[in-house]
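The values are calculated or read from the model by the stated rules, or taken from the named source; none is laboratory data. On a predicted model such as this, the values are computed, not experimentally measured, just so you know. When we count neighbours, we look across all protein chains shown, and the Cβ atoms used for this are built from the backbone with ideal geometry, even at glycine. To get the accessible areas, we keep the full protein, side chains included, count just its heavy atoms, and leave off ligands, DNA and RNA. Shrake-Rupley method; radii C 1.70, N 1.55, O 1.52, S 1.80 Å.
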Amino acid sequence: MLKGRQSVFIPWRLKERTRELLSKERGTTYKDHGGRVSVCLVYPNTYYVGMSNLGFQFVYGSLNLREDCVCERAFLPERDELDELRVGSIPLFSLESQTPLNRFDIIAFSLSFEEDYLNIPTILRLCNIPVYARDRGLEGPLLLGGGCAVSMNPEPLGDIFDILFIGEADGILGNIIDLYQRFKRGGMVYKEGYLYEVAHLEGVYVPSFYGFTYDGPVVKSIRVLRDGIKPRVTARKVRDIDSAPLIHTVVTTPWTEFSGTCLVEIERGCPEGCRFCTAGFIYLPPRWRRKEGVLDGVRKGLEDTKKVGLVGSAVSEYPYIKDVLREGTRLGGELTVSSLRADILDEELLHLLKGSGYRTVTIAPEAGSERLRRIINKPISDDNLLRAVELAEKVGLRRLKLYYLLGLPCEEDGDAEAIAELTLKMKAIFSGSISLSVNPFVPKPFTPFQWHPLEKREVVGRRFSIIKGLVSKKKGITVKTISTRRAVLQTYLSRGDRRVGGTIVDASMEGISGALRKADPPVEGYVYRERTYQEILPWDIVDFGIRKEYLWDEYQRGLEGKTTPPCNPDVCTRCGVCGNRG
Ligand code: SF4
């Protein structure tokens with residue numbers, strides 16, 4: 001229940017830092033808490049990282065549009081702030097009104113990346129909130145989590161959160177607040193009753209209503225523990241994207257990765273079906289926003305800032321991309337996009353991008369050889385990649401960024417050599433700088449490769465050294481990677497079951513290495529084990545509308561080097577998503 005705003009002693013230095021952050025923002029909402037449902041939206045990473053997240057921004061904006069709701073923000077404090085809070089026993093407080101988090105009705109975590117899970121216990125302890133749901137009893141704020149990471153597998157957080165939200169947030173947030181208001185008007189929020197009601201909403205998972213049994217690292221059964229609770233949780237998806245509010249940056253600040261940039265979502269879901277990509281499956285079917293809606297968002301963004309970033313899983317496939325770039329530039333804006341698909345890139349698009357301030361061409365070939373690109377269902381030819389680089393040179397762009405994965409199914413050392421050879425060919429035709437980002441492939445839920453084991457660290461390390469050895473002497477090429485230890489951690493957190501929550505809690509107290517070493521069942525069973533088709537997967541509790549047989553069939557086709565054509569929602573029903581549409 002809302003306890004009302006309560007002041008807390010905050011040392012001068014922390015107060016100053018908060019004031020400085022807020023003073024540089026545009027679009028911040030300040031509201032009185034009185035009579036409203038109060039939500040503290042938490043990003044379990046720093047302000048700099050959290051404010052770059054469009055989903056986080058969307059939730060903040062849409063909750064504050066409601067007259068009966070106040071939404072404020074909190075982030076993982078920087079290291080020195082964390083120490084200051086701990087030493088002074090000062091509870092973590094919200095940015096806008098400096099209210100301690102445990103005074104809010106709802107604490108909602110935005111969870112896009114699994115590694116952020118490790119910060120959740122730290123944040124809860126800073127708010128004097130018990131980490132496990134079972135220790136919180138019926139008192140205190142409701143703990144809610146949502147976002148891409150938790151949608152594809154909510155189970156690792158099942159013992160920590162009261163409610164986990166699966167799928168796209170548009171629409172459902174309103175239902176959750178409506179229900180809360182109804183309970184609140186009735187005098188009090190009886191947590192158990194609220195959870196039972198809310199569990200009936202599409203996209204809502206209440207983990208305490210489900211029981212899992214295990215045999216080592218394998219799930220043996222999933223049981224519903226309460227009458228009337230659905231056996232699986234259907235992910236929430238917006239059918240008609242144009243009927244939903246446009247998703248765009250609500251608060252701009254210079255202190256983010258996209259400093260002073262207004263991000264605008266132009267489409268959702270990617271038609272290409274790359275077999276390693278979660279976003280390419282959980283956001284199906286592909287949905288393009290109407291041009292007029294996107295242009296409204298661009299115009300609105302340009303009222304506050306000069307820079308607009310167009311965001312989506314398949315930006316270069318967006319049918320109106322050139323029209324939007326033309327109009328945005330005409331209005332005096334600088335427009336940028338995320339990565340481009342090399343086989344549909346043309347000179348006009350690159351000219352438009354350059355004219356609107358775009359400086360770095362980002363392409364993701366993912367694999368060095370055509371053979372491996374067929375296996376992952378991204379069958380772009382070497383010729384197409386080289387032609388795209390030639391165009392970038394011709395247009396006068398000076399930086400080229402390339403994304404690759406290492407440790408893909410059926411990969412050999414020769415595929416690492418192929419990455420280096422292709423890069424050297426690109427350098428021969430591109431006079432600007434080339435940066436390679438070569439990262440370990442992490443098999444993720446709801447992809448055809450979800451059954452595949454993570455490649456051993458030494459194999460990935462050896463292939464990375466092959467690439468580095470072959471290209472690093474060439475001037476103008478840089479190579480970066482993340483550690484293979486992080487890939488192990490990501491795989492464990494994304495493919496784990498509810499018992500992984502214990503490791504998350506341990507890691508927040510004694511460090512990740514020790515926690516992983518003592519994990520039971522051992523980490524290897526989650527990470528390096530190939531799973532069978534018959535095995536129950538922890539994320540089988542979630543239904544994205546994609547048939548499991550379809551994903552398995554795609555996995556087998558990949559291993560055989562067979563490609564699958566892109567989506568065509570007008571005629572295709574093969575994965576089950578379009579067939580399920582009402
Ligand atoms: S049914 Fe076909 S068109 Fe629809 S999302 Fe699945 S693959 Fe794409």
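In table form, for the structure just shown:
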read-out	value
Accessible area of region 12-234 belonging to carbon and sulfur atoms, whole % at 1.4 Å probe	53 percent
Residue 559 paired with residue 234, simple spin-label distance in nm, labels 7 Å along Cα-to-beta-carbon	3.3 nm
Relative contact order (%) - criterion: Cα under 8 Å, at least six apart; region: the chain	13 percent
Lys/Arg +1, Asp/Glu -1 at C-beta; the chain dipole; positive extreme among 209, 404, 82	82
Within the chain, longest stretch clear of exposed GluC sites (Glu not before Pro) (DSSP loop, no more than 11 other Cβ within 10 Å)	258-529
Distant-in-sequence amide H partners of residue 210 (H built 1.01 Å from N, under 5 Å)	225
Extension gain, residue 570 back to residue 485 (0.36 nm per residue minus Cα-Cα distance, nm)	26.3 nm
Distance between region 62-124 and region 201-225 - C-alpha centres, whole angstrom	28 Å
Cα-based shape type of region 429-582, given that a ≥ b ≥ c are square roots of the gyration tensor eigenvalues and the cut on a/c is 1.5	oblate
Loop-resident sites, region 1-99, for chymotrypsin sites (Phe, Trp or Tyr not before Pro), counting at most 15 other Cβ within 10 Å (DSSP)	9, 30
Theoretical FRET efficiency, 1/(1+(r/R0)^6), r = Cβ-Cβ of residue 80 and residue 513, R0 25 Å, to 0.05	0.60
Selection of chymotrypsin sites (Phe, Trp or Tyr not before Pro), region 442-550, meeting DSSP coil and at most 13 other Cβ within 10 Å	533
Computed E for residue 303/residue 424 - FRET, C-beta separation, R0 51 angstrom, nearest 0.05	0.65
Derived scalar couplings ³J(HN,Hα) [region 241-248; Karplus, 6.51 cos²θ - 1.76 cosθ + 1.60; whole Hz; x for Gly, Pro]	5, 6, 7, 8, x, 5, 8, 8
Partners for residue 548 among lysines (Cα-Cα distance below 18 Å; same-chain residues under 8 apart left out)	220, 444
For region 12-234: relative contact order, % (alpha-carbon pairs under 8 angstrom, 6 or more apart)	15 percent
Helix-only CD estimate at 222 nm, as mean residue ellipticity for the chain, using -39500 (n - 2.57) per DSSP H run (n ≥ 4)	-10500 deg cm²/dmol
Chain lengthening between residue 456 and residue 472 when straightened (0.36 nm per residue, less Cα-Cα)	3.4 nm
FRET efficiency for residue 399 and residue 371, using Cβ-Cβ distance with R0 set to 35 Å, rounded to 0.05	0.75
Beta bridges by DSSP in the chain, antiparallel share as percent, to the nearest 5	20 percent
Region 476-549, dipole about Cα centre (Lys/Arg Cβ +1, Asp/Glu Cβ -1), debye to the nearest 20	280 debye
Local net charge near residue 249, Cβ-Cβ under 15 Å (Lys/Arg +1, Asp/Glu -1)	0
Length released on extending from residue 175 to residue 25, taking residue separation times 0.36 nm less the Cα-Cα span	51.1 nm
Those lysines that a straight Cα-Cα span of less than 17 Å connects to residue 15, excepting residues fewer than 8 apart in one chain	24
Karplus-derived HN-Hα couplings along region 320-331 (A = 6.51, B = -1.76, C = 1.60, θ = phi - 60°), whole Hz, x at Gly and Pro	10, 4, 5, 4, 5, 5, 4, 5, x, 5, 4, 7
Cys with no candidate disulfide partner in the chain (beta-carbon separation under 4.7 Å rule)	40, 69, 71, 127, 148, 262, 270, 410, 567, 572, 575, 578
Per residue solvent-accessible surface (Å²) - the chain, probe of 1.4 Å	40 Å²
Nearest-20 debye value, region 12-234 charge dipole, Cβ charges on Lys, Arg, Asp, Glu	360 debye
Extreme residue, positive dipole direction of region 12-234, given options 109, 34, 221 (C-beta unit charges)	34
